[in-house]
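Any read-out appearing in this document is the output of simple, stated calculations on the displayed coordinates, not a laboratory observation. Just so it is clear, the structure is predicted and the values come from calculations on it, not from any experiment. Here the Cβ positions follow ideal geometry from the backbone for every residue, glycine too, while neighbour counts run over all protein chains shown.
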Amino acid sequence: MSRKDSVLITGASGEMGHGLIVRQAAAEPERPIITLDLKPLPADLSPKVHQQFHGSILDKELLASIQTEYAVDRVYHLAALLSTRSEFSPELAHKVNVEGTLNVLEFTQRQGESHGRSVIFFYPSSIAAYGLPTIAAKAAAGKVNEDEFNQPTTMYGANKLYCEHLGRYYGRHYKQLAAGPPTGKVDFRCIRFPGLISAETLPSGGTSDYAPEMIHAAAAGKPYACFVRPDTRIPFMTMPDAIDAIVRLVKCPRGSLSRTVYNIGAFAPAVAEIEDIVRGAFPKCGVITDVDEKRQRIVDSWPADVDDSAARRDWGHQPAHDLAAAFGEYLIPNIRKRYS
Ligand SMILES: NC(=O)c1ccc[n+]([C@@H]2O[C@H](COP(=O)([O-])OP(=O)(O)OC[C@H]3O[C@@H](n4cnc5c(N)ncnc54)[C@H](O)[C@@H]3O)[C@@H](O)[C@H]2O)c1
């Protein structure tokens, strides 16, 4: 039992959770981290965590038992079904991604009520929240801002967009008709991430995973059939830059935040550019193009790049890795080491 202010990370055993646990444990070693995931954490991460809860965000009893044991003043809600799985099981996706998020928002509100302070709730949204109608519209749109083209074509994208609204409701308008002063305790902060590429972990079913899959396959000496056309372009970012952005947003005084949802970007290469870089580093790589028209349509509905000026202005978003640094300094050396 610990009533010390604690951090809850849901979905902690995933790609983003790995990086976040390491960073959170190093930044605030005195603050207990508790995790909730269907899967256990890998052995090297377990010592960084005060307690792991194994179970689902759909299990309200489990959330209630965490409620009684811990005073949580920050929540990173990462648990989700990613885009590809969500499209195969849309009803399950809605349950996990929407009902699960509602459960964690309710948990957060109850936490705030029990200790009387607001609780930061970080939510990772995605460029899947966009839906550009045609390739011509995508080419003409250039960098899109947060409020344009919010017509996702996928279940995952629809779930993310709705949860952005749900978070804004809890953060700014909770029970607005109730008598007396506002009672909302959720300080909702959200980043709409581009595709993320990690050197440390393998991707697990995102539709933007062609980039990390290509690099990991090349380094492992395996062939790779890329499921989108060479001219396909969406924004990407390295996982360390994504974690940096989360830390910056969460640290920022609330008064400086003009929005609840922020785009962030770093670089936006076409598939052919990624392939050229990968070939340069791993000349024997066996990349072929084998377009999956259905997945291609989804990637074509996502923007070629994002306007992240609000994040740069409000909380100083500044990725360390541009395209050259991402590959030259982070991905290629670390992924090479991993497979050597
Ligand atoms: N990786 C990316 O490129 C990317 C881009 C944009 C947004 N995001 C978002 O960031 C978050 C983390 O992504 P990731 O790449 O680490 O995904 P991931 O699939 O690696 O991790 C998700 C974790 O959630 C857990 N989980 C799934 N259902 C659960 C449930 N019902 N209860 C508890 N845990 C459950 C899984 O076991 C897994 O460990 C997700 O919300 C994702 O939508 C990721």
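Below are the figures for this structure:
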| read-out | value |
| --- | --- |
| Amide hydrogen neighbours beyond the local backbone of Cys226, cut-off 5 Å, H modeled | Ile288, Thr289, Asp290 |
| Tilt relative to the chain, helix 271-281 - C-alpha long axis, 0 to 90 degrees, to 10 | 80 degrees |
| Distance violations [Cα-Cα > 23 Å] among Lys185/Lys251; Lys48/Lys251; Lys39/Lys251; Lys4/Lys185 | Lys39/Lys251 |
| Where labels lie 7 Å past Cα in the beta-carbon direction, separation of Gln51 and Arg312 in nm | 4.5 nm |
| DSSP bridge pairs, the chain: antiparallel proportion in percent, nearest 5 | 5 percent |
| Backbone N under 16 Å from the Arg297 label point (7 Å along Cα→Cβ), restricted to region 220-261 | 228-229 |
| Order by protection proxy (mean Cβ within 10 Å, highest first), peptides 289-298, 103-112 | 103-112, 289-298 |
| Highest to lowest packing among 135-145, 187-197, scored as the average C-beta count within 10 Å | 187-197, 135-145 |
| Förster radius 35 Å - calculated FRET efficiency between Lys143 and Leu177 (Cβ-Cβ, nearest 0.05) | 0.35 |
| Only Lys, Arg (+1) and Asp, Glu (-1) charged, at Cβ; the chain dipole about Cα centre in debye | 560 debye |
| In order through region 154-168: 3J(HN,Hα) via Karplus (6.51 cos²θ - 1.76 cosθ + 1.60), integer Hz, x for Gly, Pro | 10, 4, 4, x, 5, 4, 5, 4, 5, 5, 4, 5, 4, x, 4 |
| Calculated from backbone phi, Karplus (6.51, -1.76, 1.60) coupling profile of region 237-247 in Hz, x at Gly/Pro | 7, 7, 4, x, 5, 5, 5, 3, 5, 4, 4 |
| Using θ = phi - 60° and Karplus 6.51 cos²θ - 1.76 cosθ + 1.60, couplings along region 323-338 (whole Hz; Gly, Pro as x) | 4, 5, 5, 4, 7, x, 9, 10, 5, 5, x, 6, 6, 4, 4, 4 |
| Between helix 60-69 and the chain: long-axis angle, C-alpha atoms, 0 to 90°, nearest 10 | 60 degrees |
| Difference of contour (0.36 nm per residue) and Cα-Cα distance, Ser89 to Ser256 | 56.2 nm |
| Positive-end residue, the chain charge dipole about Cα centroid, Cβ charges, pick of Cys285, His77, Ala199 | His77 |
| Hypothetical label at Arg23: residues of region 229-246 whose amide nitrogen lies under 20 Å (7 Å Cα-Cβ projection) | 235-246 |
